[in-house]
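Take a look at the structure below.
The values are calculated or read from the model by the stated rules, or taken from the named source; none is laboratory data. The shown structure was predicted, so the numbers you read here are calculated from the model rather than taken from an experiment. Backbone-built Cβ (ideal geometry, glycine too); neighbour counts: all protein chains shown. Each accessible area value is taken on the protein alone, full model and side chains, heavy atoms only, with ligands, DNA and RNA left out. Shrake-Rupley method; radii C 1.70, N 1.55, O 1.52, S 1.80 Å.
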Amino acid sequence: MASQSKKLSQGTIAVRGGINTDDQYGSVVPVITPSTCYRYQEFATPREFDYGRKANPSRRFVEETVAKLEGGADAILTNCGMSAIHLVSVALLTPDDLVVAPHDCYGGSYRLFNSLSQRGYFKAIFVDQSDPVALKEALSLRPKLVLIETPSNPLLRVVDIQEISQQAHDVGALVLVDNTFMTPILQKPIDLGADIVTHSCTKFLNGHSDLLAGILVFKEQQLATDVLWWANNIGTLTSSFDSYLLLRGLRTLAARVTLQQVNAQKVVEFLVNHPKIAHVYHPSLSSNLGHEIAKKQQKGFGSLLSFELAGEPEIMPKFLKALNIITLAQSLGGVESLICHPATMTHSGISAQARKTAGISDQLLRISVGLEDVDDLLGDLEQALAVI
Ligand SMILES: *Cc1c(COP(=O)(O)O)cnc(C)c1O
């Protein structure tokens, strides 16, 4: 199976997940399996599945599909992105172990590592991974785990996965890459040296903003098996119904990501040329930190962008209120365009000082560009900017 999937392109793998696997009825799309338990073949002889906390067929289709997309040996689907990162922390780290995370990582990851390290579960430090001196200093502390998140949230800064993975491996650390923003359509961290890839499937992988899920993809089977023991131990599962919906969402992943990125590029061009916009952050711009790395490491620049409005802070709520299509909400990666104010929404769990250090100003807004007709999106931005 693995050798055949190598020949298939990403779009095909995504579309075909679980198709033609039903031998009982020959249903093209796989059936949903809500059963919590599975009949033993006979005394002391379980089948592939025995109890649903550990694994179930609906979850398995998603795990196999995403593992193939990321080029990993196996995957574990969890009930949300944070539980995937929590699971990997619990499974790999003991109180003396250190995790090195980016200073501008996803707000929830920052809060998780910060709060658990304060309770002594493990140690955590946050560094600017684009600063070679700071990175070297952090790695000299011999971390057990290095988290990479690129492009970063919300400033879309890009760091070199291959370079950081190499340095992390040199000190014996495992590399975990949060690939939520890029998806395996645009970036393949395992090919670049990562040991584990994680996603909030809530975002692009599902793409319809109607379920929460997370996933861990492992380069090596042994690590997957070890972490699966912990997944079953603590109970991080996703329901069969949500797994089914996620598999359905995945089918259009390549098409969605490709078109959303085309739309985003047009929004970037519009904002860059608008007098009421002070700054635009997007990996396609040469002004963006890591633009050259993005060209090398990504297959595209993605559909997330941020920008700062020029003018007094009071114009922000006016601008947001004037938008008719682009919705004020704190998620991303869905077919609908969303706008978010990181300081009061996604990054409110981070202290004002830490936000400042990470370069997240109170004037910053992030857009996840969706699949609406791009002229409608540009029109919406145009009229809202005319109000302020
Ligand atoms: C949303 C998100 C998460 C957390 O995922 P949930 O599904 O909300 O728990 C982790 N990392 C990134 C980059 C995210 O955008």
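Brief remarks follow.
- When the stretch 6-28 is filtered for residues that are surrounded by 12 or more Cβ atoms within 10 Å (Cβ to Cβ) and over 19 Å from L186 (Cβ atoms), the ones remaining, listed by number, are R16, G18, I19, T21, D22, S27.
- Taken over the stretch 79-138, the criterion of being more than 16 Å from the ligand (Cβ to nearest atom) and within 27 Å of S243 (Cα to Cα) is satisfied by A91, L92.
For every residue, the table says whether it meets (1) open to solvent by less than 10 Å² (accessible area, probe 1.4 Å); (2) over 15 Å from the mean Cα position of the chain (by Cα).
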site	(1), (2)
D178	no, no
G207	yes, no
D210	no, yes
N232	no, yes
S239	no, yes
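- Output for the stretch 189-209, where each listed residue is more than 14 Å from L253 (Cβ to Cβ) and charged (D, E, K, R): D191, D195
- Listed by position, the helices (runs of 4 or more DSSP H) contained in the stretch 78-143 that have at least 1 residues being in contact with a Gly (Cβ under 8 Å, 6 or more places away or on another chain) and in contact (Cβ under 8 Å) with a residue 24 or more places away in the chain are 81-92, 107-118.
- The condition (being of a type in the set (A, V, I, L, M), open to solvent by less than 10 Å² (accessible area, probe 1.4 Å) and more than 16 Å from the ligand (Cβ to nearest atom)) is satisfied by just one residue among A44, A55, A75, A67: A67.
- Members of the stretch 341-360 that are of a type outside the set (A, V, I, L, M, F, W, C) and open to solvent by 40 Å² or more (accessible area, probe 1.4 Å): T344, S348, G349, S351, Q353, K356, T357
- Consider the stretch 145-164 and keep the residues that are within 14 Å of the ligand (Cβ to nearest atom) and in a strand (DSSP E or B). The one that is surrounded by the fewest Cβ atoms within 10 Å (Cβ to Cβ) is E149.
- Any hit, the stretch 331-342, residues being under 22 Å from R111 (Cα atoms), hydroxyl-bearing (S, T, Y) and modelled with pLDDT of 90 or more: yes
- Among residues of the stretch 74-125, those that are over 21 Å from E137 (Cα atoms) and of a type outside the set (A, V, I, L, M), counted: 19
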